[in-house]
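*Asks:* So that we are looking at the same thing, I have put the structure below in structure tokens.
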Amino acid sequence: MSNVLSGFKREARKIASSLGAPKFYIACAADYDISHEHFFDNPIIFRLREDVIPFLYDDYGHGIEHSKNVAIDAGAIVLAESKEQDREGVRRMVLLAQVAGLLHDVCRLDLDHARHSAETSRRILASYPLSDEDRDIVAYAIANHENTGPVEPAGDQIRQTVSDALHDADVFRWGPDHFVTTLWEICDYQDWPISATIERFPTAMERAAARAAGLRTATGRTYGPDLMERGLIVGRRMYALMREYCETHPCD
């Protein structure tokens, strides 16, 4: 990453930090902590983290860190959505949501990456101590994690909850994460000059704003707009800073 892009990325982090913690991580702190602990303590997740690393492309902004954040948030959303359900059933959904979170972008650079990632998840999980039904739930959630509508009816509540939690956790990344990390990694990967990065900012902000309208869980709809707005604040300030920079520096 160029020194200029690195400087902008540091500035974006400062802006995001100045906004404080998003409401989701305050109101759902207990759920997040449980999901976080599960992510680092569960033996299936531990093994999967080791197995999935070679498939993830960190340089493109949707790699290991992105998948980890999606997995933990998906588990927290499951917990927030399942207060009245039995403990074992909820524990199973947290596991499957985190598995899906780790695997949802393994084919990120492919066309129709959601479907290809779902197919790849079945091959990766073939030797794992999961039932066929569990693998089906994970594959369904991954195939359905984009904002293009369901690939097929969920058919049952567990599948629906895991799928919707994965989708919303992925959308959450369009908040501050997108303008603090992902967008800069994509710019670096594509080797765009600053001028090209500036040109793409308005579209990135439009896409982030639109994502809030498609959230699928009650938890997502409650806290997602706050995350999107925080991301847009960072995006708008960075857009202004970059335009100001290009007024006094060559940006091509």
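*Asks:* From the list ASP58, ASP31, ASP73, ASP41, which one is at pLDDT below 90 and among the acidic types (Asp, Glu)?
*Replies:* On the way: ASP31 fails: at pLDDT below 90; ASP73 fails: at pLDDT below 90; ASP41 fails: at pLDDT below 90.
Just a single option satisfies the conditions, and that option is ASP58.
*Asks:* Would you check which residues across the stretch 195-230 are in contact with a Phe, Trp or Tyr (Cβ under 6 Å, 6 or more places away or on another chain) and either of a type in the set (Ser, Thr, Tyr) or not in a helix (DSSP H, G or I) (or both) and list them?
*Replies:* Scanning the stretch 195-230 gives a single hit, TYR223.
*Asks:* Moving on to the next point. For the stretch 195-217, which positions are open to solvent by less than 50 Å² (accessible area, probe 1.4 Å) and more than 20 Å from ALA16 (Cβ to Cβ)?
*Replies:* SER195, ALA196, GLY214, LEU215, THR217
*Asks:* Let me ask another. Enumerate the pairs (first residue in the stretch 11-29 and among the hydrophobic types (A, V, I, L, M, F, W, C); second residue anywhere and open to solvent by 70 Å² or more (accessible area, probe 1.4 Å) and modelled with pLDDT under 95) with beta-carbon separation below 9 Å, excluding pairs fewer than 6 apart on the same chain, so at least 6 apart or on different chains.
*Replies:* Here the result reads ALA12/ARG237; ILE15/ARG237, each pair linking the stretch 11-29 to a residue that is open to solvent by 70 Å² or more (accessible area, probe 1.4 Å) and modelled with pLDDT under 95.
*Asks:* Of the conditions (1) open to solvent by 30 Å² or more (accessible area, probe 1.4 Å); (2) out of contact with any Lys or Arg (no Cβ under 8 Å at 6 or more places or on another chain), TRP192 clears all except one; give me its number.
*Replies:* (2)
*Asks:* Kindly check whether there is at least one residue in the stretch 138-154 that is open to solvent by 20 Å² or more (accessible area, probe 1.4 Å) and modelled with pLDDT of 85 or more.
*Replies:* There is at least one residue in the stretch 138-154 that is open to solvent by 20 Å² or more (accessible area, probe 1.4 Å) and modelled with pLDDT of 85 or more.
*Asks:* Which of the residues spanning the stretch 155-168 are open to solvent by less than 10 Å² (accessible area, probe 1.4 Å) and under 17 Å from ARG92 (Cβ atoms)?
*Replies:* We begin by selecting, within the stretch 155-168, every residue open to solvent by less than 10 Å² (accessible area, probe 1.4 Å); these are 162-163, 165-168.
Within the stretch 155-168, VAL162, SER163, ALA165, LEU166 qualify.
*Asks:* Working carefully through the options ILE194, ILE233, ILE198, ILE158, find the one that is under 20 Å from ILE15 (Cα atoms) and either modelled with pLDDT of 90 or more or hydroxyl-bearing (Ser, Thr, Tyr) (or both).
*Replies:* ILE233
*Asks:* Now, a different point. For TRP184, which of the numbered conditions (1) within 16 Å of the chain's Cα centre (by Cα); (2) over 18 Å from ILE15 (Cα atoms); (3) open to solvent by less than 10 Å² (accessible area, probe 1.4 Å) fails to hold?
*Replies:* (2)
*Asks:* With the condition kept exactly as written, say whether any residue in the stretch 65-73 is more than 17 Å from the chain's Cα centre (by Cα) and of a type in the set (Lys, Arg).
*Replies:* Within the stretch 65-73, not a single residue is more than 17 Å from the chain's Cα centre (by Cα) and of a type in the set (Lys, Arg).
*Asks:* Scan the stretch 226-246 and report the pairs whose first residue is touching a residue at least 60 places away in the same chain (Cβ under 8 Å) and whose second residue is open to solvent by 40 Å² or more (accessible area, probe 1.4 Å) and of a type in the set (Phe, Trp, Tyr), with Cβ atoms within less than 9 Å and a gap of 6+ or a chain change.
*Replies:* From residues that are touching a residue at least 60 places away in the same chain (Cβ under 8 Å), there are no pairs.
*Asks:* Pull up the stretch 1-40, narrow it to residues that are among the charged types (D, E, K, R) and open to solvent by 50 Å² or more (accessible area, probe 1.4 Å), then point me to the one that is nearest to LEU241 (Cα to Cα).
*Replies:* As a first pass, look at the stretch 1-40 and keep what is among the charged types (D, E, K, R): 9-11, 13-14, 23, 31, 33, 37.
Pick out the ones that are also open to solvent by 50 Å² or more (accessible area, probe 1.4 Å) and you get 10-11, 13-14, 23, 33, 37.
Details: ARG10: 12, GLU11: 9, ARG13: 14, LYS14: 13, LYS23: 26, ASP33: 35, GLU37: 38 Å.
Per the stated criteria, the residue is GLU11.
The values are calculated or read from the model by the stated rules, or taken from the named source; none is laboratory data. Computed from a predicted model, the values in this text were never measured in an experiment. Glycine gets a Cβ as well: all are built from the backbone with ideal geometry, and neighbour counts include every protein chain shown. Protein only, heavy atoms only, side chains kept; ligands, DNA and RNA dropped before computing areas. Shrake-Rupley method; radii C 1.70, N 1.55, O 1.52, S 1.80 Å.
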